[in-house]
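What follows is a short report on a single structure.
Every read-out reported here was derived from the displayed coordinates using simple, explicitly stated rules and does not represent laboratory data. Everything numeric here is computed off the predicted structure, so don't read it as measured data. Methodologically, a virtual Cβ is constructed for each residue, glycine included, from the backbone with ideal geometry; neighbour enumeration extends over all protein chains shown.
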Amino acid sequence: MSEVEQQPSLPAIDPRLADVIRGRRTIGAFRPELPPREVILAALDVARWAPNHKKTEPWHVVWLGPETQHAVIELNSRLVAAAKGPTEAESKRRKWAEVPGWLAVTCDLADDSLRREEDYAACCCLIQNLSLALWSAGIGTKWTTGDVTRHPELFDLIGIDALRQRVVGLIWFGYPAVTPAQTRREVESFLVERP
């Protein structure tokens with residue numbers, strides 16, 4: 001029996017949805033083939049239904065082609081080499097070069113600080129929706145952040161104005177080479193009820 005089958009099902013929750021949510025994993029190793037463009041577009045079509053306060057729809061998605069991917073990999077390698085040395089940089093370069101598909105999710109920067117926080121949360125919801133939609137099609141993702149996602153050179157590479165947008169993350173996608181096992185705390189460990 002799989003881990004998903006061993007989980008108790010809740011009567012009010014669609015079991016297919018529960019299986020996708022419980023089964024989704026962050027994928028660190030991908031097979032080399034790129035999933036069909038139509039599947040990615042269909043997943044983005046579903047993902048755009050994320051909750052967003054005041055219906056701002058603050059997200060933007062940039063699909064990175066091979067040339068831009070390579071440039072991002074080189075930028076990240078330079079940043080890692082400066083922080084952790086050439087051995088770690090080369091290790092990251094090799095790992096990142098094996099990722100077949102890349103998206104960058106960006107978020108509009110509202111003038112109001114509360115709106116910025118709400119818009120960022122909405123973009124996070126879009127990424128979760130995207131990850132679940134792709135997972136339901138057998139495609140894994142990894143949402144990655146770090147110094148590279150805040151670097152001005154990345155903004156130039158993906159064509160955004162840092163005064164108007166921020167990078168929420170790079171989303172790697174592809175068919176999983178390895179699907180890791182995972183567990184979560186029981187609901188009782190984080191749920192607090194007040195009278």
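Some values worked out for this structure:
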{"item": "Principal-axis tilt of helix 66-84 within the chain, Cα atoms, nearest 10 degrees", "result": "90"}
{"item": "Two-decimal Rg to Rh for region 9-94 - Kirkwood Rh, Cα set", "result": "1.09"}
{"item": "Exposed-site-free run, longest, the chain (rule: trypsin sites (Lys or Arg not before Pro); DSSP loop; at most 15 other C-beta within 10 Å)", "result": "49-163"}
{"item": "With Cα atoms, 0 to 90° folded angle of helix 113-136 axis to the chain main axis", "result": "70"}
{"item": "In region 72-171, the GluC sites (Glu not before Pro) that fall in loop regions by DSSP, at most 15 other Cβ within 10 Å", "result": "GLU98"}
{"item": "Cα-centred dipole magnitude for region 144-195, charges only on beta-carbon of K, R (+1) and D, E (-1), debye, nearest 20", "result": "120"}
{"item": "DSSP loop chymotrypsin sites (Phe, Trp or Tyr not before Pro) with at most 13 other Cβ within 10 Å: longest gap in the chain", "result": "50-189"}
{"item": "18 Å Cα-Cα reach of LYS55 towards aspartates and glutamates, excluding residues that sit fewer than 8 places from it in its own chain", "result": "ASP45, ASP108, ASP111, ASP112, GLU117, GLU118, ASP119"}
{"item": "Only Lys, Arg (+1) and Asp, Glu (-1) charged, at Cβ; the chain dipole about Cα centre in debye", "result": "280"}
{"item": "Calculated Rg and Dmax of the chain using C-alpha coordinates, Å", "result": "18.3, 57"}
{"item": "Region 58-110, relative contact order in percent, only Cα pairs under 8 angstrom and at least six apart counted", "result": "58"}
{"item": "Modelled FRET efficiency - R0 25 Å, ASP14 with ALA162, Cβ distances, 0.05 increments", "result": "0.05"}
{"item": "Total formal charge among the other residues, if their Cβ is under 12 angstrom from that of ALA133, Lys/Arg +1 and Asp/Glu -1", "result": "+1"}
{"item": "Residues of type aspartates and glutamates that LYS95 reaches as a straight line, Cα spacing below 16 Å, ignoring anything fewer than 8 places off in the same chain", "result": "GLU33, GLU74"}
{"item": "Rounded to 10°, Cα long-axis angle of helix 86-97 versus longest principal axis of the chain", "result": "60"}
{"item": "Relative contact order (%) - criterion: Cα under 8 Å, at least six apart; region: region 28-175", "result": "38"}
